[in-house]
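Novice: Supplied in structure tokens, the structure appears directly below.
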Amino acid sequence: MNEALLRQVMDEIRKEPKQFDITSWFDRQASESPCGTTGCIAGWAVALVHHKGDLKAASQNPILYPGKVGQKLLELSYEEKQRLFFLEHWPKAYRDAYWANGATAQCRARATVARIEHFIATEGKE
């Protein structure tokens, strides 16, 4: 797994929670986001590697199968990709935390960062 890139993704999520949304690779109609765009874990990986961290530019240059590209950039197996990219495959505690407290952007970001940290700590096994 590309831990360095995962940590960069976490930094971006922490920096601006309103630019993160696990439910869409890229959303160009995100009214709360400062740049009008959100990205998921894979979307942020693509933005960081191919667009110097510019999420809006990444969303305007669509690629086929961003999940597969994110998987490759993050050096994940198919099973690891499933466990990390899709909320329904997260451990219950992290899913619950994601939706807790009204599911504000800050709450979702904190839960996602904690999820990624746990994923790294368990070497992608959980």
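Novice: When segment 73-126 is examined, which residues are found to be among the aromatic types (F, W, Y) and surrounded by 14 or more Cβ atoms within 10 Å (Cβ to Cβ)?
Specialist: Initial filter on segment 73-126 (among the aromatic types (F, W, Y)): 78, 85-86, 90, 94, 98-99, 119.
Matches in segment 73-126: F85, F86, W90, Y94, Y98, F119.
Novice: Please verify whether H51 is surrounded by fewer than 19 Cβ atoms within 10 Å (Cβ to Cβ), at pLDDT below 90 and not polar (S, T, N, Q), treating the condition exactly as stated. Please lay out each step first, then the result.
Specialist: Numbers: surrounded by fewer than 19 Cβ atoms within 10 Å (Cβ to Cβ): yes; at pLDDT below 90: yes; not polar (S, T, N, Q): yes.
In short, yes.
Novice: Quick one: how many residues across segment 15-27 are basic (K, R) and at pLDDT below 90?
Specialist: So the count comes out to 0.
Novice: Oh, and also: When only residues in segment 33-61 that are touching a residue at least 24 places away in the same chain (Cβ under 8 Å) and assigned to a loop (DSSP other than H, G, I, E, B) count, which is farthest from T104 (Cα to Cα)?
Specialist: Among residues in segment 33-61 that are touching a residue at least 24 places away in the same chain (Cβ under 8 Å) and assigned to a loop (DSSP other than H, G, I, E, B), the one farthest from T104 (Cα to Cα) is G53.
Novice: For A30, work out the one condition from (1) surrounded by 15 or more Cβ atoms within 10 Å (Cβ to Cβ); (2) modelled with pLDDT of 90 or more; (3) of a type outside the set (S, T, N, Q); (4) in a loop (DSSP other than H, G, I, E, B) it doesn't fulfil.
Specialist: In the conditions (1) surrounded by 15 or more Cβ atoms within 10 Å (Cβ to Cβ); (2) modelled with pLDDT of 90 or more; (3) of a type outside the set (S, T, N, Q); (4) in a loop (DSSP other than H, G, I, E, B), A30 misses (2) alone.
Novice: How do the pairs read when you match residues in segment 66-94 that are over 15 Å from D21 (Cβ atoms) with residues anywhere that are polar (S, T, N, Q) and outside any helix (DSSP H, G or I), using Cβ under 7 Å and keeping only pairs 6 or more apart or on different chains?
Specialist: Close Cβ pairs satisfying both conditions: L73/N2; L74/N2; E75/N2.
Novice: Okay, moving on. Looking at (1) more than 18 Å from L5 (Cα to Cα); (2) more than 13 Å from the chain's Cα centre (by Cα), which is the only condition K68 fails?
Specialist: Status for K68: all satisfied but (1).
Novice: Further question: Identify all residues within segment 77-116 that are more than 19 Å from S24 (Cβ to Cβ) and either outside any helix (DSSP H, G or I) or in contact with a Ser or Thr (Cβ under 7 Å, 6 or more places away or on another chain) (or both); write none if there are none.
Specialist: S77, P91, A100
Novice: Report, by residue number, each residue of segment 13-27 that is crowded, with 20+ Cβ neighbours inside 10 Å and part of a helix (DSSP H, G or I).
Specialist: Selection gives I13, P17, Q19.
The values are calculated or read from the model by the stated rules, or taken from the named source; none is laboratory data. Quantities reported herein were computed from a predicted structural model and do not represent experimental measurements. Heads up, the Cβs are rebuilt from the backbone with ideal geometry, glycines too, and the neighbour counts pull from every protein chain shown.
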